[in-house]
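The values are calculated or read from the model by the stated rules, or taken from the named source; none is laboratory data. Since we're looking at a predicted model, the values are computed, not measured. Neighbour counts run over all protein chains shown; Cβ positions are idealised from the backbone, glycine included. We work out accessible area using only protein heavy atoms, side chains counted, and drop any ligands, DNA or RNA first. Shrake-Rupley method; radii C 1.70, N 1.55, O 1.52, S 1.80 Å.
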Amino acid sequence: MKRKLTSLLEKSIQAGMDAGLLPPPVPSHIEVELTKDPSHGDYASNVAMLLAAQARKNPREIAKILSEGIADPEGVLERVEIAGPGFLNFFVRGGAFAVLLETVDRQGDLYGSSDLGRGRRIQVEFVSANPTGPLHIGHARGAVVGDVMANVLTAVGHQVFREYYINDSGNQMNNLGESVLLRYRELLGETVTFPEGCYRGDYIRDLAAELLKRDGDRYLHEKPEEIIPLFTDYAGGAILEGIKEDLRLFGVGFDLYFSERELYRDDGVGKLLRELQEKDFIYREGEALWFRTTAFGDEKDRVVIRQNGDPTYFAADIAYHRNKFLRGFETVIDIWGADHHGYIPRMSAAVQALGYEKDALKVILVQLVNLLRDGKPVAMSTRSGEFVTLREVVDEVGKDAARYNFLMRRSDSHLDFDLELAKRQSIENPVYYVQYAHARICSILRMAAERGVDLPGFSQVDATLLRLPEEIDLIKTIARFPEVVEGAARTLEPHRLTFYLNDLAAIFHSYYNKNKVLSDDGGLTAARLFLVGCVLTVLKNALKMLGVSAPEKM
RNA sequence: GCCCCUGUAGCUCAGACGGAUAGAGCGACGGAUUCCUAAUCCGCAGGCCCCGAGUUCGAAUCUCGGCAGGGGCACCA
């Protein structure tokens, strides 16, 4: 409908220019919006006010020219009014809205999807927690945001690849191995002291116990530096398996778990650094190698090889990002915790130094979750082992409620997550509001089936019978769904879906309470059944994008 | 000190590319169920859009300067 009105306006503008009433050019983007106030019609455009500037005429005068120039062969419009400072208000003929539902009927499960992305390849990297401990609630938010972002991008026609980068090399992994070794020795009766930086969680002791059970005490007298790699591999592997399982239970899947170690095979990182050194993006100062990230706006250059010869995390990440682009992704999206925001300029610099457009890398920052229990902050630290795991949240709160909650706010907004509150008030959780709308419609359809009435298709109903204000409202909202998906994809803001769903569910619930779908009037019953069937389709499609279930009964 | 995010109703938050009288949920208060699921609905109340300038026909939205909260400023990841 929006598109139709936009095109009518465009033609009118063109006609006005041809007649010499308006100066060219035609604006590149004509805005037509849904109105908030019914007295402003159904849709409105501010285009006359925009044209007024270049025409140096009164906006209302321009609006008059435009409204008179509109040709409406299909009879979509009842009337066009000029209002306020120069708005064009479109009043759509009642029956014309019903046509919008034809698309829903035709597209079914695909309604809301489009091919705007034209199959362009996008990679989304998210979670990427290093396997030194189980995923905690902070990771959960990034996991959902990334997962749904990928779903949304897929829906608008991109070819999306989901990836988890495993930081399975370097200091932190070494600390992990050492931590397990220390617990292992402790289990064998030694008194050990844990140095700063070691992991203390219970899971470390569990891993040590498993290793002890499997291999006995034979590592007790080995030299630590020789035996730590074995401990690291064992622990890292086991933890990673746990992470994968937790994500699976949370409904989050990946196309690839990419190991950092891969990058070092055949001296891959070293070769890349030498290449960049030849291009003068890397230089030596003292014993260390530095990347000239200041050439692209970073505030200082960054070390890639330390004095001791070890590469930094950054060095591997440069190689990783080049690897992504070499695999043919046009756009690469990284989803990071907000505590990594200082890392953006250097990563962006690296991408540009590698010869890719700045825009080819998009970084989404997800603010950290402020975890509460009964209103009191819960201390979170992987090293001390004090944290609430993703697994616990899924078990306590449930997958659907947890996922939905993480999408209730913009990613860059702080999020309080109170475990007790989430549990206690779970029945009042917004996710149930939306799911309930879905279940209610299913219930109506079941009842209709019992009476021998099937869900009709568009061609079987007289959709012009749907003319109550609430019905028009529902139709408009249903018609908005594809735009919401597109908007979420364009701005990389998946939270728009939950807000839309709340809107749609609210309008439906209100309609449901006021009007009977099933009645003695066969024609009206069919039309209304068809309408709620369309609502059902949208709810189902949207919930699927969110990875939240759509129950038929509650 | 520098950089990023946030600041909107009692609380938690939306607010599209600058548009008309700034919205929702929760909470408070008052109502609705012989009828497709009351996990619902209806009504009512609640505002210095952090402050101050600027840009313009028009600013919660854009610019500049402040204030407050959070985060970041590693040869950690």
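Just a few scattered comments:
- Selection over the range A:320-357 of residues that are more than 19 Å from residue A:412 (Cα to Cα) and either assigned to a loop (DSSP other than H, G, I, E, B) or open to solvent by 10 Å² or more (accessible area, probe 1.4 Å) (or both) gives a count of 16.
- Considering residues of the range A:119-133 that are of a type outside the set (A, V, I, L, M) and part of a strand (DSSP E or B) only, the residue farthest from residue A:337 (Cα to Cα): A:121
- Any hit, the range A:528-550, residues being outside any helix (DSSP H, G or I) and within 10 Å of RNA strand B (Cβ to nearest atom): no
- If the condition is being among the small types (Gly, Ala, Ser), assigned to a helix (DSSP H, G or I) and open to solvent by less than 20 Å² (accessible area, probe 1.4 Å), then the range A:452-491 contributes A:463, A:487, A:488, A:489.
- Among the residues of the range A:192-218, just one is over 21 Å from residue A:133 (Cβ atoms) and either touching a residue at least 24 places away in the same chain (Cβ under 8 Å) or open to solvent by less than 20 Å² (accessible area, probe 1.4 Å) (or both), namely A:217.
- Every pair of residues 6+ apart whose Cβ atoms lie under 7 Å, when the first sits in the range A:219-242 and is part of a loop (DSSP other than H, G, I, E, B) while the second is surrounded by 12 or more Cβ atoms within 10 Å (Cβ to Cβ) and β-branched (Val, Ile, Thr): A:219/A:227
- Residue in the range A:512-523 that is touching a helix residue (DSSP H, G or I) at 6+ places or on another chain (Cβ under 6 Å), surrounded by 18 or more Cβ atoms within 10 Å (Cβ to Cβ) and part of a helix (DSSP H, G or I) present: no
- If the condition is being more than 9 Å from RNA strand B (Cβ to nearest atom), modelled with pLDDT of 90 or more and basic (Lys, Arg), then the range A:430-468 contributes only A:451.
- Leading residue by the ranking (nearest to the chain's Cα centre (by Cα)) among those in the range A:492-506 that are more than 8 Å from RNA strand B (Cβ to nearest atom) and assigned to a helix (DSSP H, G or I): A:497
- Pairs linking a residue in the range A:461-479 that is more than 25 Å from residue A:114 (Cα to Cα) to a residue that is at pLDDT 90 or above and acidic (Asp, Glu), with Cβ atoms under 9 Å and 6 or more positions apart or on different chains, are A:465/A:471; A:465/A:521.
- Helices (runs of 4 or more DSSP H) lying entirely in the range A:1-118 (those with 2 or more residues that are open to solvent by 20 Å² or more (accessible area, probe 1.4 Å) and within 15 Å of RNA strand B (Cβ to nearest atom)): A:2-18, A:47-55, A:59-69
- Within the range A:401-429, the set of residues being at pLDDT 85 or above and closer than 19 Å to residue A:506 by Cα comprises A:401, A:404, A:405, A:407, A:408, A:409.
- So residue A:514, is it at pLDDT below 95, over 27 Å from residue A:411 (Cβ atoms), near RNA strand B (Cβ under 7 Å from one of its atoms) and not acidic (Asp, Glu): yes
- All positions within the range A:268-311 that are open to solvent by less than 100 Å² (accessible area, probe 1.4 Å) and assigned to a helix (DSSP H, G or I): A:268, A:269, A:270, A:272, A:273, A:275, A:276, A:277, A:293, A:294, A:295, A:296
- Residue list for the range A:246-267, filter: assigned to a loop (DSSP other than H, G, I, E, B) and either surrounded by fewer than 14 Cβ atoms within 10 Å (Cβ to Cβ) or of a type outside the set (Gly, Ala, Ser) (or both): A:250, A:252, A:253, A:254, A:255
- Sub-6 Å Cβ pairs linking a first residue in the range A:114-142 that is more than 30 Å from residue A:483 (Cβ to Cβ) to a second residue that is crowded, with 20+ Cβ neighbours inside 10 Å and of a type in the set (D, E, K, R), at least 6 apart or interchain, are A:135/A:246, ordered by first then second residue.
- Residue in the range A:309-318 that is within 12 Å of RNA strand B (Cβ to nearest atom) and touching an Asp or Glu at 6+ places or on another chain (Cβ under 7 Å) present: yes
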